[in-house]
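Notes follow once the structure below has been shown.
Just so it is clear, none of the values below were taken in a lab; they were calculated from the coordinates. Since this is a predicted model, take the numbers as computed values, not measurements. Here Cβ is always computed from backbone atoms with ideal geometry, including for glycine, and neighbour counts include all displayed protein chains.
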Amino acid sequence: MFMGEYQHSIDDKGRIIIPVKFRDLLGTSFVVTRGLDQCLFAYPKEEWAVMEQKLKSLSLMKSDARAFTRFFFSGATECEWDKQGRVNLPGNLREYAKLEKDCIVLGVSNRMEIWSKNMWNEYFQQSEQTFNDIAEKLVDLNFDL
């Protein structure tokens, strides 16, 4: 399981070092794509296959399903580590997530997320204010913390 929060930076060539324990979970080859909330999602190949199957099951007759599938797959790229444990993030993905220098790498259950530090801080502050409300809604869905 991916969990934890780490601060890293991207170099001038678009490379970022990922925490060792996340590298072990991602394997030698993994998939990075546009995530929700303007961050990047990174999946081990096995988890990517699960996501692929779920998205394939959506109806092509629904415009929302087509739009989301395009969004998710068009940004996807297969990545590998270099000898220093860095991964090179493509320019289009760095631009989407506004990744310039300081980044936050998060573990979120079955995936890793990469955020711009500024975007993460903004998101976290907004979410922190509504965290109790969100927890109450989850309880209403029979999810007990």
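What is the magnitude of the charge dipole of the chain about its Cα centre, with +1 placed on the Cβ of each Lys and Arg, -1 on the Cβ of each Asp and Glu, and no other charges, expressed in debye to the nearest 20? Don't skip to the answer; put the middle values down first.
Working: 19 positive and 22 negative charges, 127 e Å.
Value, rounded to 20: 620 debye.
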In nm², the average projected area of the convex hull spanned by the Cα atoms of the chain is 9.7 nm²
Cα-based Lys pair tally, the range 2-140, threshold under 23 Å, eight or more apart or on separate chains: 15
Using the Karplus curve 6.51 cos²θ - 1.76 cosθ + 1.60 with θ = phi - 60°, work out ³J(HN,Hα) for each residue of the range 71-85 in order, rounded to whole Hz, and write x for Gly and Pro. 4, 6, 7, 5, x, 6, 9, 7, 10, 9, 7, 8, 5, 8, x
Can you give the calculated 222 nm mean residue ellipticity of the chain, where each DSSP H run of n ≥ 4 adds -39,500 (n - 2.57) and the sum is split over every residue, rounded to the nearest 500 deg cm²/dmol? -13000 deg cm²/dmol
